[in-house]
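For reference, the structure is listed below as structure tokens.
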Amino acid sequence: MKAAELVEAGPPAPPPPALALAPGARARFRRAEEDPPWARRTLIGAALLFLAVFLLLPAAAVLGEAFRGGLWAWAQAVTEPEARAAIRLTLLVAAIAVPLNTAFGLAAAWSVTRFRYPGKSLLLALIDLPFGVSPVIAGMSVVLLFGARGLLGPWLQAHGLKVVFAVPGIVLATVFVTFPYVARELIPFMQAQGTEEEEAALVMGASGWQILRRVTLPNVRWSLLYGIILCNARAMGEFGAVSVVSGHIRGLTDTIPLHVEILYSEYAFRAAFAVASLLFLLALLTLAAKRALRWSQRRERRPGGEA
Amino acid sequence: MTIQVRGVSKSFGAQPVLREVHLSVPEGELVALLGPSGCGKTTLLRILAGLEVPDSGEVSHGGRALLDRGARERNVGLVFQHYALFRHMTVGENVAFPLRVRKRPRAEVEARVRELVGLVQLEGLAGRYPHQLSGGQRQRVALARALATRPEVLLLDEPFGALDARVRQELRRWLRRLHDELHVTSVFVTHDQEEAFEVADRVVLMNAGRVEQEGTPAQVFEEPASPFVMRFLGAVNVFRGHVDGGRAWVGDLEFSAPALAERSPAHVFVRPHDLELSSAPLPGSFPARVERVTVLGASVRVELRAPGYGERLEAELDLPRSHALALRPGDGIHVSPRRVRVFPGHDLEPDSLTASAL
Amino acid sequence: MRGVRRERSGRGPLPGFGLSTGVTVFTLGLVVLLPLAAVALQASALSPRKAWEIVASPRALASYRLSFGAAAAAAALNTPLGVLVAWVLARYRFPGRALFDALVDLPFALPTAVSGIALLAVYARTGWVGRWLAPLGIQTAFSPLGVVIALTFIGLPFVVRAVQPVLEDADLAVEEAAAVLGATRGQTFARVLLPTVAPSALTGFAMAFARGLGEYGSVVFVSGNMPMRTEITPLLIVTRLEQYDYAGATAIAVVMLLASFGLLLAIHRLQAWTRLRAGIA
């Protein structure tokens, strides 16, 4: 087409409004503006209905039942001695399980994402294993190993040590169940980041620990933190595995979730919900933390950063 | 303190990446490793840095074997294509890093950082973070960081590959000037011929894990040792013919080829600017038809068809000559190859760099 | 510095291989392999006949039917609804969107015991919803339906979180191309988008299914645990353990483990297949 012909055809028609990008609008919402409003509203309504029935209702029920007797009753239920013992035990178990699994997660992530060697996929499958196993089976394996009739039972009895129906058993069962959480957060993230910064540090003369401390950890801190929070939430909230192992000895081997069960089975509904609301609050904190961490992560990346 | 590479080979699994590579980097020179993707140049650089270990061969620097030392002990400076700046450290902290991990005293570190930041012309930006800098600025930080410990060898892996064209140009010239000032023995990896020629003292052309040719830019351009080198370093027309007794024939045309005595099929390579066009026939010319005339700026590309010689030939003229000839698509024209290079052989590897395909 | 030449060549230049891999393998052995070995050992102590008796007893079979059936039903319910939720969250803006997006993870973050009593509070006869359903003759708590509802709650995040990133990362240009080529919105959805999300939806289904199979805490409250009717397989294991019938518990556990491993394998394969297709797409 010669220049003259183009001019005569006139200026090109303005793009249809739907495709025009409003200043600041994020690209992925642009598409949705094109869906007819009735379709949009129906879909949103249906989705929210589903979420309301299956999510909001149970959540509201916990809070509603917990505070039905008033704030005073709630506080009483939460501070009575057996509840406090349960809280102490839960905190103790988490204080042991979480650091252990964090150290493991770091080691595993470093090994799997920073080196090439055969058998990695087997390793990854094994790390994921506790995730796919029913918590009851986890507890059962602890019993099989350390229970009175278990493999090491006689040896433990001879030495006067108790694992099952005692705190060590609870710790072991919790460690098994929360094992993969930190690794699962770190591994894909470190995989995606690549090894360039660490290699640069190496060529510049840094030792392994210097690289870990100054280069790797600052880069992975959000994923690491999130993994720790998830690990902690599961450690404090684990029920099935701990239930099998604990023996339900009130005041001694009850964690908060087990205490909730005991209260409920004694028809102390109000108290059960009150104690459960503590865990509910923990869950909300976990969700809030996830939100905050994702936001921080995105904020770091946005201004044309290296990632 | 020359860097000597002798017989280095490396494979990744079943895939050979370097095959018996020999080369030397004289002290104080800037040598470019030039070649297409996959030719092994980056792997060779990483072997020099200590990030890869060759399967066989020797590498020495100033006579001392380099391979016995890990990456950490070699004191080389390495600049990555994507900068590899520590994203959670400021510019100043990035540059200080190599000194801090060697536990240098604080005063020394601060002074050196100031000096380096000034050297790369980023004064005043030492407190910024990498994501607040432009690509060109980031690469300069990476360079300052690599030079912090006064390394004896500087290695650069396609340092300007991630930058846009104008910034690349500026930084190329700037790097050359920096090298002229500091004279650090440097090895520079690139796939961009213009970049290699502009920056380096010597160019090493690599292809499929082997060194094809080594020399100054002028040497490799004017006396390419193989068809690969000739085609990699610019557009080229390829004519099929044969050689016998020191002479080469393409159709009716005859060229001297003193080194080739044996009779064999051959290819005659001619650069576009070495094809002279004339309206009237000249001795040693053949007729052709103009297909297309493209003005590229200061030069003009003429695409030609010459049955019997080539379907898609390319000639390059300067503007005045093009105006003088006043060529239009469809015109008849006469083509005389002036300087040619003859390589014996049957088949050419398929290669998209060829200007013409026979 | 000792010679570093050939020994480390294949693995990579960074330090710490020995320590990190050693710790990883050692801890894996201790925490994962040892307990499983104990299970395997105990299982091998059973004669095949005895094992079969336990594993195929009517009570066990009823529990398999319930556990597998309810888990499958819940995952099946979660899949289309999860895709819907993921679509709405990924594509539309509406007040409260961020809140709902965060809440989707609630079943994941909430301890199972709390989920259990919460669901009971809602669906029991006197519960918030149960009291409306009882006059209609629909029994939710203490019935298989209650188990399905509990597992739907538990599995909700899996499909949503599997599909959501795929929708968010989907190349809008492809949809625009379809529109320009003449496809209606519905056709674009059915022919272009659905195939894109199908693999991840399938993965989400498998993960929800696997989780539902092993779920204990949130189900035992709601189900009523009546043998032959509302007893899930994990509970059967617990019951046997409480009776010191280690052999019986192990036998049933092995059945569950085999199912879990099979599912895990399927999930890994699905994820690999998804990555493959996403690469092509």
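The values are calculated or read from the model by the stated rules, or taken from the named source; none is laboratory data. Only a predicted model underlies this, so the values are computations on that prediction, with no experimental measurement involved. Note that we place each Cβ from the backbone using ideal geometry, even for glycine, and neighbour counts take in every protein chain shown.
Output yes when any residue across segment A:248-256 is more than 30 Å from A:A148 (Cβ to Cβ), surrounded by fewer than 22 Cβ atoms within 10 Å (Cβ to Cβ) and not small (G, A, S), and no when none is. No: segment A:248-256 contains no residue that is more than 30 Å from A:A148 (Cβ to Cβ), surrounded by fewer than 22 Cβ atoms within 10 Å (Cβ to Cβ) and not small (G, A, S).
Identification of helices (runs of 4 or more DSSP H) wholly contained in segment A:94-205 with 3 or more residues that are buried (at least 19 other Cβ atoms within 10 Å of the Cβ), more than 9 Å from every other protein chain (Cβ to nearest Cβ) and not hydroxyl-bearing (S, T, Y) yields A:167-178, A:181-193. If you go through segment A:206-214 one residue at a time, do you hit one that is more than 9 Å from every other protein chain (Cβ to nearest Cβ) and either under 27 Å from A:L63 (Cα atoms) or not small (G, A, S) (or both)? Yes, segment A:206-214 has at least one match.
Looking only at segment B:43-60, count how many residues are among the hydroxyl-bearing types (S, T, Y) and either under 18 Å from B:A208 (Cβ atoms) or out of contact with any strand residue (DSSP E or B) (no Cβ under 7 Å at 6 or more places or on another chain) (or both). Qualifying residue count for the region: 2. Filtered by the rule that a residue be of a type outside the set (V, I, T) and either more than 14 Å from chain C (Cβ to nearest Cβ) or assigned to a loop (DSSP other than H, G, I, E, B) (or both), segment B:47-64 gives B:G50, B:L51, B:E52, B:P54, B:D55, B:H61, B:G62, B:G63. Does A:A283 meet the test of being over 30 Å from A:M190 (Cβ atoms), within 7 Å of chain C (Cβ to nearest Cβ) and modelled with pLDDT of 90 or more? For A:A283, the condition - over 30 Å from A:M190 (Cβ atoms), within 7 Å of chain C (Cβ to nearest Cβ) and modelled with pLDDT of 90 or more - is not met.
Tell me, please, whether a residue that is of a type outside the set (F, W, Y), more than 7 Å from chain A (Cβ to nearest Cβ) and touching a residue at least 60 places away in the same chain (Cβ under 8 Å) can be found in segment C:93-106. No, because not a single residue in segment C:93-106 is of a type outside the set (F, W, Y), more than 7 Å from chain A (Cβ to nearest Cβ) and touching a residue at least 60 places away in the same chain (Cβ under 8 Å).
Only one entry of B:A111, B:A84 meets the criterion of being farther than 29 Å from B:E212 by Cα and within 13 Å of another protein chain (Cβ to nearest Cβ), and that entry is B:A84. The set of residues in segment B:70-80 being more than 7 Å from chain A (Cβ to nearest Cβ) and modelled with pLDDT of 90 or more consists of B:G77, B:V79.
Summed over segment A:275-285, residues that are farther than 11 Å from C:I117 by Cβ and in contact (Cβ under 8 Å) with a residue 40 or more places away in the chain total 3. Output yes when any residue across segment C:135-142 is touching a residue at least 40 places away in the same chain (Cβ under 8 Å), more than 11 Å from chain A (Cβ to nearest Cβ) and at positive phi, and no when none is. Within segment C:135-142 (the criterion being touching a residue at least 40 places away in the same chain (Cβ under 8 Å), more than 11 Å from chain A (Cβ to nearest Cβ) and at positive phi), the answer is yes, since at least one residue qualifies. Considering only residues that are hydrophobic (A, V, I, L, M, F, W, C) and away from chain A (no Cβ under 14 Å), look in segment C:34-63 and name the one that is nearest to C:F142 (Cα to Cα). For segment C:34-63, the residue satisfying everything is C:A62. Of the residues in segment C:221-238, none is away from chain A (no Cβ under 11 Å), assigned to a helix (DSSP H, G or I) and under 24 Å from A:P130 (Cα atoms). For B:L67, the criteria (1) part of a loop (DSSP other than H, G, I, E, B); (2) buried (at least 23 other Cβ atoms within 10 Å of the Cβ); (3) out of contact with any Ser or Thr (no Cβ under 7 Å at 6 or more places or on another chain) hold in every case but one, which is (2).
Only one entry of B:G345, B:G251, B:G297 meets the criterion of being more than 26 Å from the chain's Cα centre (by Cα) and at positive phi, and that entry is B:G251.
Kindly indicate the residue of segment C:110-134 that is more than 7 Å from every other protein chain (Cβ to nearest Cβ) and of a type in the set (G, A, S) and also nearest to the chain's Cα centre (by Cα) among those meeting that condition.
Ranking the qualifying residues of segment C:110-134, first place goes to C:G116.
Among the residues of segment B:194-244, those identified as in a helix (DSSP H, G or I), of a type in the set (A, V, I, L, M, F, W, C) and touching a Phe, Trp or Tyr at 6+ places or on another chain (Cβ under 7 Å) are B:V199, B:M230.
Within segment C:143-158, if we keep just the residues that are in contact with a Ser or Thr (Cβ under 7 Å, 6 or more places away or on another chain) and in a helix (DSSP H, G or I), the residue that is nearest to the other protein chains (Cβ to nearest Cβ) turns out to be C:F153. Is it true that C:L28 is within 13 Å of another protein chain (Cβ to nearest Cβ), of a type in the set (A, V, I, L, M) and within 24 Å of the chain's Cα centre (by Cα)? Taking the combined requirement at face value, the residue satisfies it.
Considering (1) out of contact with any Phe, Trp or Tyr (no Cβ under 9 Å at 6 or more places or on another chain); (2) surrounded by fewer than 20 Cβ atoms within 10 Å (Cβ to Cβ); (3) within 22 Å of B:R138 (Cβ to Cβ), the lone condition that B:A162 does not fulfil carries the number (1). The number of residues in segment C:179-197 being surrounded by 12 or more Cβ atoms within 10 Å (Cβ to Cβ), within 11 Å of chain A (Cβ to nearest Cβ) and hydrophobic (A, V, I, L, M, F, W, C) comes to 3. Filtering segment B:76-95 to residues that are among the small types (G, A, S), crowded, with 24+ Cβ neighbours inside 10 Å and either more than 9 Å from B:A142 (Cα to Cα) or in contact with a strand residue (DSSP E or B) (Cβ under 7 Å, 6 or more places away or on another chain) (or both) leaves only B:G77.
Any chance segment B:6-26 includes a residue that's part of a loop (DSSP other than H, G, I, E, B) and within 24 Å of B:V199 (Cα to Cα)?
yes
Residues in segment C:64-80 that are crowded, with 20+ Cβ neighbours inside 10 Å and either at the interface with chain A (Cβ under 10 Å from one of its Cβ atoms) or of a type in the set (A, V, I, L, M) (or both): C:L66, C:S67, C:A70, C:A71, C:A74, C:A75, C:L77, C:N78.
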